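Novice: Dropping a structure here in structure tokens format, bear with me for questions.
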Amino acid sequence: KGIEGVTVSDGVEVTRTDAEGHYSFVSKKKYGYVFISIPGGYMCEMDGALPEFWQPIAGKTQSEEHSFNLVREDNDEHILLASADYHLADRYSSQDIRCFDDLFIKDVKKFLSENSGKKVYNIALGDMTWDIFWDTFSLTRYQAKARSFPLPTFHVIGNHDYDMSLTNDFKAENAYRKNLGPTFYSFNLGKCHYVVLDDMVYTNTITGGEASRSSDTYVSDEQLEWLEKDLENVSKDTPVFVCMHCSSYTIKSVSQSGLISVGLNFDSREHQTMLVNLLKEYTNVHFLSGDTHINQSIPRENMLPGHTHIYEHNIAAVCASWWWTNYESGNSICKDGSEGGYMIFTNKNDDVRWQYKAMKYDVSKQFRTYDFNTIKEYVETDPAVRKFFQIYPNREKYTAFGENDVLFNIWNWDPTWTVSVKENGVEMPVKQHYIEDPLHTVSYDIPRTYTNGELTSSFRTIKTHHMFSVHASSATSTLEFTVTDGFGNVHTETMTRPKAFNADID
């Protein structure tokens, strides 16, 4: 039976099926495929875990027919797992495939078991592979592995999913299109509309056989023209999720009162404004992105003027720091100190809620505490630390902290959260900082330096805005932490001090 009103596109033209489920249009066949925007309440056929919402098309001139089968699926209430930066390369040194299966796949299977009967989907927000290691793990190998994932998985192209042997943006995407389909498209789950965009323009140059592997970040004119047509079929009260690899915004600093300073992150401010304006009549817009390997949550209340209809979730990485903290220290720590993990979005009609999920912990764990007294002792006595500061004397030495200070990192904090710390039942003043997380430093920077004497700039610890501190009255007092997110979920920890500090700290 034909289904009316299904959106169909070739990446340029956008049409809808008639009452009998028929559609037709004249296509220049630029992108080499035709795809549907899966309607809410349905699901397309599957190739394992890969939704078959697209089909390759043939020659440039002939007329051709493509039909899509849909089955009813009650997904008005559904869960989306937003995961980023798998960086699978099948490298022996980092043992990334094993870590991916043991951490991400195992944790997702546990989540599915705990949510049996619910509709759960996954979107991979780019960098599923690592272009410089395509000789060991290509996009074709990734496609085969993704078929075996335990839940339906949609994909976003990342900068490491481009073919670095080519210098043309369109051609460099061909390997991705061949294996995973459109680089921009849309689909619906229940009452939510999901838009996938490619927000990179590859500017790769090759000199002396070496590729620069460079790219600019913005959404191209062609995609914006397509998106305008796509949104014509979406009512203004619909929650809209815009899924891209690179973040659209960045947090530059944070004040003591928790006021974050937000800046634009696209290389083309003009294109960023055009994208934002296309969505200005939608009141419930969420940008989902990866790429940075950190958590940056920017709520509407803190957005720049003219951007306050958007909440951006820049989500930390499944691979944490490219699997290196797993290899160096046996843990999974992102550059900002966040645990490696993914975001859980629970969607019921127009009600959208979310929580960060660390893969190694229950969802109730949302932060980590540090006793500065034991950090100081570690720094003063560990030989690897001494070598590190000899090579990098300007790195963070936490001079702003003293005896009996306690630090804590709330991984997915935003200004809607509340924080309470008590000592002997007495509320303690909480300060916010823009500093490096010490656990990532001892999990990657220091052991890496100790073994080969240098850091990779992309992997090193960075300053984060979601670090806090309190000052205790003694070295042995017990502290009670209560951290509450914007939805009222309460997360607690009783910190018995002194608390040990090393790469194995919980």
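The values are calculated or read from the model by the stated rules, or taken from the named source; none is laboratory data. In this text, all values refer to a predicted model and were calculated from it rather than measured experimentally. Backbone-built Cβ (ideal geometry, glycine too); neighbour counts: all protein chains shown. Protein only, heavy atoms only, side chains kept; ligands, DNA and RNA dropped before computing areas. Shrake-Rupley method; radii C 1.70, N 1.55, O 1.52, S 1.80 Å.
Novice: Of 276, 234, 201, which residue is in a loop (DSSP other than H, G, I, E, B), of a type in the set (A, V, I, L, M) and either farther than 29 Å from residue 467 by Cβ or in contact with a helix residue (DSSP H, G or I) (Cβ under 6 Å, 6 or more places away or on another chain) (or both)?
Specialist: Answer to the selection: 234.
Novice: Looking only at strands (runs of 3 or more DSSP E) that fall completely inside segment 325-415, which ones have 1 or more residues that are surrounded by 14 or more Cβ atoms within 10 Å (Cβ to Cβ) and small (Gly, Ala, Ser)?
Specialist: Answer list for segment 325-415: 341-348, 351-358.
Novice: Among the residues of segment 424-431, is there at least one that is open to solvent by less than 60 Å² (accessible area, probe 1.4 Å) and either touching a Phe, Trp or Tyr at 6+ places or on another chain (Cβ under 7 Å) or modelled with pLDDT of 95 or more (or both)?
Specialist: yes
Novice: So how many residues does segment 434-445 have that are open to solvent by 10 Å² or more (accessible area, probe 1.4 Å) and either among the aliphatic types (A, V, I, L, M) or touching a Phe, Trp or Tyr at 6+ places or on another chain (Cβ under 7 Å) (or both)? Working first, answer last.
Specialist: Going through segment 434-445, the residues open to solvent by 10 Å² or more (accessible area, probe 1.4 Å) turn out to be 434-436, 441-442.
This time we only want the ones that are either among the aliphatic types (A, V, I, L, M) or touching a Phe, Trp or Tyr at 6+ places or on another chain (Cβ under 7 Å) (or both), so: 435, 442.
Selection size over segment 434-445: 2.
Novice: Identify all residues within segment 246-265 that are of a type in the set (A, V, I, L, M, F, W, C), surrounded by fewer than 20 Cβ atoms within 10 Å (Cβ to Cβ) and assigned to a loop (DSSP other than H, G, I, E, B); write none if there are none. I'd like the intermediate steps shown before the answer.
Specialist: Looking only at segment 246-265, we keep the residues that are of a type in the set (A, V, I, L, M, F, W, C), and these are 246, 251, 254, 259-260, 262, 264.
Now drop any that are not surrounded by fewer than 20 Cβ atoms within 10 Å (Cβ to Cβ), which leaves 259, 262, 264.
Matches in segment 246-265: 259 only.
Novice: Please go through segment 90-111 and pick out each residue that is open to solvent by less than 40 Å² (accessible area, probe 1.4 Å) and assigned to a helix (DSSP H, G or I).
Specialist: If the condition is that a residue be open to solvent by less than 40 Å² (accessible area, probe 1.4 Å) and assigned to a helix (DSSP H, G or I), then 96, 97, 99, 100, 103, 104, 105, 107, 108, 111 are the ones that fit.
Novice: Starting from residues that are assigned to a helix (DSSP H, G or I), closer than 22 Å to residue 195 by Cα and among the aromatic types (Phe, Trp, Tyr), keep the ones in segment 136-183 and report whichever is farthest from the chain's Cα centre (by Cα).
Specialist: 170
Novice: A further question follows. Taking residue 457, is it on the phi < 0 side of the Ramachandran plot and open to solvent by 40 Å² or more (accessible area, probe 1.4 Å)?
Specialist: Details: on the phi < 0 side of the Ramachandran plot: yes; open to solvent by 40 Å² or more (accessible area, probe 1.4 Å): yes.
For residue 457, the condition - on the phi < 0 side of the Ramachandran plot and open to solvent by 40 Å² or more (accessible area, probe 1.4 Å) - is met.
Novice: Also, quick follow-up: In segment 204-213, which residues are open to solvent by 40 Å² or more (accessible area, probe 1.4 Å) and part of a loop (DSSP other than H, G, I, E, B)?
Specialist: 205, 208, 209, 212, 213
Novice: Where residues in segment 298-324 are touching a residue at least 40 places away in the same chain (Cβ under 8 Å), aliphatic (A, V, I, L, M) and part of a loop (DSSP other than H, G, I, E, B), which of them is most open to solvent (accessible area, probe 1.4 Å)?
Specialist: By that ranking, first place goes to 304.
Novice: Would you confirm whether or not segment 470-484 contains a residue that is of a type in the set (Asp, Glu) and assigned to a loop (DSSP other than H, G, I, E, B)?
Specialist: Here is the first cut: in segment 470-484, the residues of a type in the set (Asp, Glu) are 480.
Filter once more, keeping what is assigned to a loop (DSSP other than H, G, I, E, B): none.
Within segment 470-484 (the criterion being of a type in the set (Asp, Glu) and assigned to a loop (DSSP other than H, G, I, E, B)), the answer is no, since none of the residues qualifies.
Novice: Moving on to the next point. List every residue pair whose Cβ atoms lie under 9 Å apart, where the two residues are 6 or more positions apart in sequence or sit on different chains, the first residue falls within segment 60-87 and is among the β-branched types (Val, Ile, Thr), and the second residue, located anywhere, is open to solvent by 30 Å² or more (accessible area, probe 1.4 Å).
Specialist: 71/42; 71/45; 79/118; 79/119; 79/346
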